[in-house]
Every structure is written in C-alpha cells, then in structure tokens.
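Only one structure is covered here, and it is reproduced in the block below.
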Amino acid sequence: MPLNRRKFLEKSAVTGAGVALASAVGAPAAQAAADGKGKKPVKRYSLTVMGTTDLHGHVFNWDYFKDAEYSDAKGNAQGLSRISTLVNQVRAEKGRCNTLLLDAGDTIQGTPLTYYYAKVDPITAPGGPVHPMAAAMNAIGYDAVALGNHEFNYGIETLRKFEEQCDFPLLGANALDAKTLKPAFPPYFIKKFHVPGAPPVKVAVLGLTNPGIAIWDKAYVEGRLTFPGLEEQAAKWVPKLRSMGADVVVVSAHSGSSGTSSYGDQLPYVENSAALVAQQVPGIDAILVGHAHVEIPELKVTNTATGKTVVLSEPLAYAERLSLFAIELVFEKGKWTVESVASSVLNSNSVADDPKITKLLKDDHDIVVKYVNQVVGTATETLTTVEARYKDAPIIDLITKVQEDVVKAALASTEYASLPVIAQASPFSRTSEIPAGDVTIRDLSSLYVYDNTLVAKLMTGAQIRAYLEYSAQYFVQTAPDAVVDVEKLTNANNRPDYNYDYVSGLSYDIDIAQAAGSRIRNLTYNGAALDDAQQFVFAVNNYRANGGGAFPHVASAKELWSESTEIRTRIAEWVTAKGVLNPADFASVDWKLTRNGTPVF
C-alpha cells in the first residue's frame, strides 16, 4: 500500500539533540487588545495542542476478537479514523496553523492489525509494507509522538523501521544509548507559530518514556538502551529548551500521574511520574499524560519551586478521546508569556470515521480480518474466562499446558530435563470465549491479548509458595459468614486481573477469610506437601520474568531458557497440531477459594 506522506512545513534538523520544525502563520489566533488607557494594544495568541495516547494499534472502531464493530456499555468508540475527524474539526475551528497534534506513546502494539505487520507480514522484511499506524498518523498529520514502553515489544529493528516510516519524530529524552548515554531518539521537537506584527511563538515539546522498559523488554534493550527517570531528564532538558527561546514547553510523557509503580523496587524510578515531573521541574506549561489508560480531562499541579500551575490531561486509550490544551499567550516586555492553560477532552463517539483514513487502511484491515478468522482446530465444548478470576477455569489451563509443553521440549536435552515444569498464567480478559466447534486464530488471540514471550526460570518450593501468597493478595478479605459478591471479590488494592496468576502442576487452596500473606493452604505437589527445597522449572511470560507486577523471586531467579515467539503463537501451534481442543487434554482443578477450609463455590 502506498504511503501518503505529509510534508513537514519546514524541517531544520533531526539529530540526537532533537527535532526543530518551524511552521505556520498564526494570524487567525492572534489578537490585539487595548488596555483601556489609550496605550499600545497588547498582542495575544491562542494555541491549541491536541493529544492522543495509548492508541495500541486501533485504527478502526473494530473488535478483531469479536469480528464486529467495537461497542461497550458506555457507548465508547475507538480508532484513529474517528480521531482524524475530531482533529479536522478542531483545525477548521482554530486554524491548522494554530494547532499542534501530539501523542504520548504505545502505538505499534495491541491489536491483531499491528501484530500482523510486525510478525506475519513484517515491515522489516525487504520491500515490506508500511506500518498501518505510520500510514494513518502521517495522513492525519501528527507533529510528534513520544515513545511508549510497548514500542519496544517487537525489538529495536521493528521500532527503527517504524520510525523511518513516520513523517514525525519519535521522542524519548530518557531513552539513552547504554554506552554513550546520549539520546538514542530525538529528545525534543520545536515548532514556531508566526504572528503578524510580533515575534513568532516558539513551542517546544519534550518527549519522555517509561523507565519500566528496562524491565519489561529487557531481552531487547539490555546493554543497548538505558532509561533514567522522567524527573531527572526533564530537569536536564526543560532549562535547555527555555534557553533556546521556547515560549511554551509541553511534555508528552508515557507515564501516568499517580506516582505509583508496578515493578516494586527493581528500579530507582517511578513508573507513573507525570505529576511529579510537573511538581518538581520548573518551566513546564502542560503535560500530555499516557500509559495509565485512565481519562483525565484536566489535572492542575502546582510546581513547588515556582508556585505556577501546570496542567495535565490524559485522553482515554485506544483513540476513545482526544485531549485539548487551550494555551493563551500575551506579548509583553518584548517576549511571549503563557497567560493561561486549560484542558478538556473530546469523545470520539461523537463523530463518524474519516473516509480518508478508512480508504487508506481498508486493504490492510481486510487482510488482517481474513487472517484472524482462519480455522485452526475444533473445540469439543465452549471455554470461557467469565469466571476465571475466581474459579480455576479450563481455558486458563490451556495456556499453562502449552507453556509447560514448550518448555519441556526446549529443556529436553539439558541438565534440567528431569526437573518438574510448572507454569503461570493470568486471566487477562473477562469476556474471552472459545466456542464449541471451529476454533479460529481470533478466538485464541482473544484469550492471550498481549504479545508476551516465554521464559523458563529455576525456582524452589519456598519461592513458589511466596509467589502464590503474593498472587493471592488479589482477593478481597471476606469473612466466613459474609455474602460473596463476585464483583467485589477481586482486584484488592486496585490490582489488575493480569497481576493475578494461576500456577499449574500444584494443588492449593486460597483462604480469603485470612489476611493477605497467610492465605495459601494445603499446598501440595504430586499429592505430598510441597518441599520448600524442591527445585522447579517455572514457565513464565517475559513480563513476569522481568519483574512485571513485582512478584517475589522470579525476576532474580536463574534463567534457563527464553524465546522470542509469542505465547499466543505457541497456543495456536498447539491447537493446530492437536486438531481437536478437548479439556481432557489440558484441564485440571489445581486451586480453589476457601474460607476457613470451606470452599467458597
């Protein structure tokens, strides 16, 4: 498919120091107002900054796992084709020359569409296709995009090829070359907005990514890239941007605002530090927030050094929202000063698809729809994740069985071949279903929605026990005589479903009447109480193996083997080889919830 590249209005440089881009005469947004005392009119300028984040490969309002238009209970719509319509409306109202369009990362992973062009028909192949996200974002006219952690899921080569195909810079001031400690991507982007009768307004965009990349994609980045903290790098770059004459500094940060982390103490950096950046680093006017997948129309944070307000906004993921920053400037004493910043969000369900985008990507979309609807086997009965977060569900056992088989085969000729293999898996989705009858790639893809790969770790019985106790914190403590409401039984302390793990090959109870940390009961292996000294090969996904979720021991455990093939692909291969998906081949009841020894269900 040909790439419709938009032209930069004026590109001066793309280097390790950043990207400078001068553009646009901003006459329609410039105003001159008298002060009421007959003095010289004051020049004003209105700038609109639009932002998306966590697009995760959503071009259309389409659910590839259901093979249907996307819909949810809240009436949301998804996709860049909707965002394009919103962007066109804002540009028509404000004047394109007075707008900036940014994204805060996690662009090239998340749907079968993006998987297909990373793995099945990869953009890295000689003469390979243009990535659909590059094509769509070029056509819409993005000015700059921050790197997200999921940009690294397919390796550096794929990311660099995507970068090459984009008509906008991928920013990452804290993505450094591990050897030189110099920026491996442009740290910033600068654009000038020309105002008749006044100097141009110079806007700098600083891009920051997530330090958790060093853990989550360790296999790809270790020894090649390093990711220092956002506050540290913002403190380095914001003064430089101001010294270069920036009148406005906007940060595009792939980092949530909560000040929390999911990887414990493995890195000295906070995962969700956008609000901390606003609070600690002087000179920032606005921050486009990403990573956390929450909607924040407007969050005002006071900078402790200056007392000035910094405005943050995070649009909902998957192109469901578009953030708008309204930045008002005044020209006084020979310089432009930001007078006010306000933010809001627009809902993409309020508009139709932009036909330019749907036409541009229709062929890519149709190819992927055909791919995911390939039949690879037959299921003897319906399997579902509806109750999988609180009952041992056969559909999750399928994942652990596949992981066990792959690891056993990989270690068959090694010194670890005689050790028992156990596996972890999480109930990622509450709606995944493999129906009785034909099984397609999309059925299996909906079961394992992440592009995780498989790792084998060496663990002891004592470490596995601690691992299970940590996992069991997912359940809300429930008294023996209390009524059980399954909607309130899980996600204690806001722990997401993907941070609750089954462990196969063992038998155990989780007593939810007990306090967290003392819930695992009757833990056995091969019918006998688990020996703390027993060694196991633990088959885990790379996210967990690298410390994702901060589960104990696993990140520091000895690695015996790993691969780059996605677990999702391994599941499809396993089902294809079997031909028939029969729970008798993989299902077992390994765990149950109890209260004081009495089963909950």
Lysines whose Cα lies under 30 Å from that of LYS457, excluding same-chain neighbours fewer than 8 positions away: LYS119, LYS179, LYS218, LYS391, LYS401, LYS408, LYS558, LYS578, LYS592
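Within the stretch 255-346, report the trypsin sites (Lys or Arg not before Pro) that DSSP leaves as loop and that have at most 11 other Cβ atoms within 10 Å. Write down the numbers at each step before the final one.
On the way: sites: LYS300, LYS308, ARG321, LYS333, LYS335; in loops: LYS308, LYS333.
Passing sites in the stretch 255-346 are LYS333.
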Sorted largest first, extent of the stretch 378-529 alpha carbons per principal axis (Å): 49, 39, 27
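Quote the charge dipole size of the stretch 209-298 about the Cα centre in Debye, to the nearest 20; the model charges only the Cβ of Lys and Arg (+1) and of Asp and Glu (-1).
So the dipole magnitude of the stretch 209-298 works out to roughly 320 debye.
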Normalised contact order of the chain, rounded percent, pairs of Cα under 8 Å and 6 or more residues apart: 14
Most positive-pole-ward Cα, GLY79, LEU170, PHE536, against dipole of the chain from beta carbon charges: LEU170
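Give me the 1.4 Å probe accessible area per residue for the chain, excluding ligands and nucleic acids, in Å².
39
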Rg(Cα) / (2.2 N^0.38 Å) computed for the chain, rounded to two decimals: 1.03
The stretch 349-394 - Rg (one decimal) and Dmax (whole number), Cα, Å: 18.1, 47
Alpha-carbon centroids, the stretch 537-553 and the stretch 567-599: separation in whole Å: 20
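Can you tell me the dipole magnitude for the stretch 145-300 around its Cα centre, using point charges on the Cβ only (Lys, Arg +1; Asp, Glu -1), in Debye to the nearest 20? List each step's numbers first, then the result.
On the way: 13 positive and 16 negative charges, 113 e Å.
Its charge dipole is roughly 540 debye.
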Between the stretch 394-467 and the stretch 62-96, the Cα center-to-center distance that results, in Å: 35
Rounded to 10°, Cα long-axis angle of helix 394-410 versus longest principal axis of the chain: 80
Accessible-area composition of the stretch 132-255, carbon plus sulfur, in percent [1.4 Å probe]: 52
Bins of 10 Å, starting at 0 and running to the largest distance - Cα pair percent for the stretch 387-444: 20, 41, 26, 13, 0
222 nm mean residue ellipticity, helices alone, for the chain (DSSP H n ≥ 4; -39,500 (n - 2.57); rounded to 500): -6500 deg cm²/dmol
For peptides 54-64, 173-183, 540-550, sequence by mean Cβ density within 10 Å, most packed first: 54-64, 540-550, 173-183
Cα-Cα separations in the stretch 108-171 greater than 20 Å, expressed as whole percent: 17
Positive-pole candidate from ILE441, LEU361, GLY505, dipole of the chain, charges at beta carbon: LEU361
Cα-centre dipole for the chain with unit charges at Cβ (Lys and Arg positive, Asp and Glu negative), debye to 20: 2580
Dipole-positive endmost among ALA462, LEU329, GLN477 within the chain (Cβ charges, Cα centre): LEU329
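Could you tell me what fraction of 2.2 N^0.38 Å the Cα radius of gyration of the stretch 472-587 comes to, as a two-decimal ratio?
Numbers: Rg = 17.1 Å, N = 116, 2.2 N^0.38 = 13.4 Å.
The reported ratio for this selection is 1.28.
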Between the stretch 243-274 and the stretch 156-221, the alpha-carbon center distance in angstrom: 14
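Rounded to two decimals, what is the ratio between the C-alpha radius of gyration of the stretch 223-302 and 2.2 N^0.38 Å?
On the way: Rg = 13.1 Å, N = 80, 2.2 N^0.38 = 11.6 Å.
Computed over Cα atoms of the stretch 223-302, the ratio equals 1.13.
Can you order the peptides 531-537, 450-456 by their average number of other Cβ atoms within 10 Å per residue, highest first? Mind showing how you got there, number by number?
On the way: 531-537: 15.6, 450-456: 22.4.
Per-residue Cβ counts within 10 Å, averaged per peptide and sorted highest first, yield 450-456, 531-537.
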Helix 80-94 vs. the chain, principal-axis angle (Cα, 0 to 90°, nearest 10): 20
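When a/c reaches 1.5 or more, the comparison of a/b and b/c decides; with that in mind, is the stretch 465-524 rounded, prolate or oblate per its Cα gyration tensor? It would help to have the intermediate numbers written out before the result.
Details: a/c = 1.88, a/b = 1.28, b/c = 1.47.
Here the stretch 465-524 falls in the oblate category.
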With all protein chains modelled, accessible area of ARG495 [1.4 Å, Å²]: 30
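Using only the Cα atoms of the stretch 131-287, build the gyration tensor, take square roots of its eigenvalues as a ≥ b ≥ c, and label the shape rounded, prolate or oblate: rounded if a/c is under 1.5, else prolate if a/b is larger than b/c, else oblate. Numbers along the way, then the final one.
On the way: a/c = 1.97, a/b = 1.26, b/c = 1.56.
Oblate.
From the square roots a ≥ b ≥ c of the eigenvalues of the alpha-carbon gyration tensor of the stretch 431-510, which class results: rounded (a/c under 1.5), prolate (a/b over b/c), or oblate? List each step's numbers first, then the result.
On the way: a/c = 2.12, a/b = 1.22, b/c = 1.73.
In terms of gyration-tensor shape, oblate.
The values are calculated or read from the model by the stated rules, or taken from the named source; none is laboratory data. Since we're looking at a predicted model, the values are computed, not measured. No Cβ is skipped: glycine too gets one built from the backbone with ideal geometry, and neighbour counts run over all protein chains shown. These area figures cover heavy atoms from the full protein model, side chains too; ligands, DNA and RNA do not enter into them. Shrake-Rupley method; radii C 1.70, N 1.55, O 1.52, S 1.80 Å.
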